[in-house]
Structures are given as C-alpha cells and as structure tokens.
Amino acid sequence: MGDRISDLQERIAAAARRAGRAPEEVELVAVSKKFGPETVREAAEHGLRVFGENKVQEAYAKIPECPGGLSWHLVGHLQSNKIRPALELFDVIHSVDSVKLLRGLERVAEETGHRVRACLQVNVSGEAAKFGLAPEALPEALEAARECPHIEIAGLMTMPPFTREPEGAREHFVHLRELRDRCADEWDMPVDGLSMGMSRDFEIAIEEGATWIRIGTDIFGPRR
Ligand SMILES: *Cc1c(COP(=O)(O)O)cnc(C)c1O
C-alpha cells in the first residue's frame with residue numbers, strides 16, 4: 001500500500017503543478033468503504049489522516065475500531081434518520097443533496113451542540129439516477145444555508161456521469177467550478193471548496209480546481 005500511496009501523491013502533485021496550483025491545496029480523502037479497520041490502520045501508518053465512508057451504518061461499526069486522531073468524512077447519501085450518528089462520526093459531510101436534509105442537519109446540530117462542515121452535492125449532469133441538487137436549485141439551497149448557523153458550507157461536491165474516457169468528466173468539473181464561483185459573484189455566499197475527482201479522473205479534477213479528491217481504488221485496490 002505504501003507504493004500505491006506515494007505513487008498517488010506524486011500524481012496529485014504533478015496534476016496540481018500542471019494547473020499552476022500548490023499540491024497542498026488538494027486534500028486527499030481516502031475512501032475506505034468496504035475495507036476494515038486493519039486496512040485503515042495500515043493507511044494511517046503511511047501518513048493518511050482523512051478518510052471517507054459512504055454509509056453511516058458501516059462507519060458506525062468501523063470508526064471506533066480505527067486509530068484515533070483521524071478525520072472522517074461522509075461522501076455518500078445521508079438518510080434523515082441517520083443524521084444523529086452522522087454528526088457524531090463525521091467532520092465533513094460531502095453529500096448534502098437536498099434542502100430538507102440541510103434543515104434536518106441544522107435542527108439536530110443545534111439540539112446536540114454540533115457544528116458541521118458540509119458540501120452541497122450538485123447533480124451537474126442531470127442524470128436521473130444521481131443524488132444531488134439541480135444546478136438551478138443551488139441559489140435556494142444557499143439561501144436556506146444562511147438560516148443554518150450550525151452548518152458551514154465548505155464546498156460543492158459532484159459525481160460526474162460515467163463516461164468511457166475519464167476526459168468526459170472534465171466538462172462536469174468545469175461546470176461545478178463555475179457554479180462555485182457564482183456562489184460568491186452572483187449569490188453573495190462565498191464557498192471555497194470543490195469535492196470532485198475519484199480514482200479514474202482525479203487528475204482532471206485537480207486541473208479544474210478540486211480541493212478535495214475522494215480516492216478509494218487507487219489506494220486500497222479493487223473492492224469486493
Ligand atoms: C466509492 C466512492 C469514491 C471512491 O471511488 P474510487 O473510484 O474507488 O476511487 C469516491 N466518492 C464517492 C462518493 C464514493 O462513493
């Protein structure tokens with residue numbers, strides 16, 4: 001795993017340099033879904049500190065068995081009935097995909113005294129099967145976020161549709177970046193982060209401005 005991680009870090013740095021960016025601007029989220037605590041421990045021994053999970057239930061069982069001092073991010077869809085454990089487990093929620101969920105998070109965060117960093121997930125391609133806000137619904141979600149003092153909107157997140165060539169994702173990453181810029185310019189709600197890019201397309205995502213990349217396979221190998 002050490003070789004895969006150093007390889008990956010070199011590719012991240014090279015992609016950042018190609019885009020005239022500092023490699024430190026890109027935070028690696030190691031997506032450990034379907035791998036156990038011993039695998040997380042090994043990755044932590046190689047210096048990784050930020051881990052991602054896509055299911056609250058799996059994370060709930062796994063995280064207590066993992067080394068302390070790690071930061072955990074939720075990258076998958078969050079159901080309303082799992083908000084409470086999600087706030088206990090995760091520092092960042094990348095997948096806020098509806099105004100209803102945003103309001104639910106605020107309600108529970110207020111009640112339990114949590115503060116949460118969140119990304120609004122945008123379905124930039126309009127694919128019916130994907131979670132996420134329609135781009136047109138983003139201004140309304142930002143308005144709603146103003147009324148959520150316990151939630152910091154730390155970024156926008158997207159999952160592009162699968163294309164045969166990873167290059168097909170580029171236009172969707174550009175689209176997300178443009179939406180992020182409009183948050184400040186048109187909607188008076190500055191948002192910094194861009195959570196985009198997975199194993200197959202993270203270099204393109206970095207070239208287009210990603211500040212978080214979510215990588216599973218290239219670190220841990222194929223999932224069963
Ligand atoms: C599984 C997953 C990833 C990582 O995917 P890889 O292709 O294995 O790098 C990233 N983001 C989300 C939301 C995921 O569910």
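The values are calculated or read from the model by the stated rules, or taken from the named source; none is laboratory data. As the structure is a computational prediction, the values presented were derived from the model and not from experiment. Cβ atoms come from the backbone with ideal geometry, glycine included; neighbour counts cover every protein chain shown. With ligands, DNA and RNA removed, areas are computed over all heavy atoms of the protein, side chains included. Shrake-Rupley method; radii C 1.70, N 1.55, O 1.52, S 1.80 Å.
For the full complex of protein chains and a 1.4 angstrom probe, list 71, 32, 80 by accessible area with the highest value first. Numbers along the way, then the final one.
On the way: 71 30, 32 0, 80 65 Å².
Putting 71, 32, 80 in descending order of accessible area: 80, 71, 32.
The accessible area of residue 3, taken with all protein chains in place and a 1.4 Å probe, comes to roughly 130 Å².
Accessible surface for the range 98-142, divided over its residues, is 50 Å² per residue with a 1.4 Å probe.
If I compute solvent accessible area with a 1.4 Å probe over the protein chains, what percent of it on the range 138-224 is carbon and sulfur?
Details: 1890 of 3930 Å².
The C+S portion of the solvent-accessible surface of the range 138-224 is 48 percent.
Residues of the range 82-100 with backbone nitrogen within less than 11 Å of a virtual label 7 Å along the Cα-to-Cβ line of residue 140, please, listed as ranges. Within reach of a label on residue 140, which here means backbone N under 11 Å from a point 7 Å along Cα→Cβ, the range 82-100 contributes 99-100.
The listed residues 73, 114, 46 rank as 46, 114, 73 when sorted by accessible area, largest first, using a 1.4 Å probe. The value given for the chain is a Kirkwood hydrodynamic radius of 17.7 Å, derived from the mean inverse Cα-Cα separation.
Counting alpha carbon pairs within less than 8 Å and at least 6 residues apart, what relative contact order, in whole percent, applies to the range 1-155?
On the way: 215 pairs, mean separation 24.0, N = 155.
Across the range 1-155, relative contact order equals 15 percent.
Each Lys and Arg adds +1 at its Cβ and each Asp and Glu adds -1 at its Cβ; summed about the Cα centre, the chain shows a dipole of about 720 debye.
The charge dipole of the range 1-70, taken about its Cα centre with unit charges on the Cβ atoms of Lys, Arg (+1), Asp and Glu (-1) only, comes to about 260 debye. Protection proxy ranking for 167-175, 202-210, 48-56, 180-188, using the average of other Cβ atoms within 10 Å per residue and placing the highest first: 202-210, 48-56, 167-175, 180-188.
Comparing 39, 60, 75 along the charge dipole axis of the range 1-119, the residue lying farthest to the positive side is 75, per the Cβ-charge model. Taking the centroid of alpha carbons for each part, the range 24-87 and the range 171-224 are 19 Å apart.
So what's Rg/Rh here for the range 119-224, counting alpha carbon atoms and using the Kirkwood radius for Rh?
Details: Rg = 14.1 Å, Rh = 14.3 Å.
Result: Rg/Rh = 0.99.
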